[in-house]
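Bear in mind these aren't lab numbers, they're just calculated from the coordinates by the rules spelled out. Since we're looking at a predicted model, the values are computed, not measured. Because the Cβ atoms are built from the backbone with ideal geometry, glycine has one as well, and the counts that use them run over all protein chains shown.
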Amino acid sequence: MKFFSCLMALLIFLLQAVPGRSLPKDTLRCLGYHGFCFHSKSCPHPFAVFGTCSWRQKTCCIDTTSNLHTCQDEGGHCVPPEIKCLQEQVGVCPYREWKCCTEV
């Protein structure tokens, strides 16, 4: 599994390094939640369907065994870095720089 994760990270890095080439919004959202894009409509175990990738041509799958939870699942909300949080919370936000807050 670690090899597959490293391979996906390298592929994403190379795709972002090519000028004029960007990933579709649904793919970026999937990757922002640490998901993987699969060709099939269903996800292999232990993954769960999270959305789509590649302009709705692939399925976004997230690992159900990891302890990564979205910010909203944990009762918080995602805010951009320029907004100060009174209380931060553990949770994954769709954008890397954003943080999960319970109170702003």
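Some notes on this structure:
- Taking 17 Å as the straight-line reach from the Cα of residue 84, the aspartates and glutamates in range (excluding those fewer than 8 positions away in the same chain) are 97, 103.
- Here residue 25 is the anchor, and no aspartates and glutamates lie within straight C-alpha reach of less than 12 Å, apart from those fewer than 8 places off in the same chain.
- Between residue 57 and residue 86, the simple label model (points 7 Å from Cα in the Cβ direction) yields a spacing of 4.8 nm.
- Bridging of residue 99 to aspartates and glutamates at a Cα separation below 16 Å is possible for 73, 74, 82, 88, once same-chain residues fewer than 8 apart are set aside.
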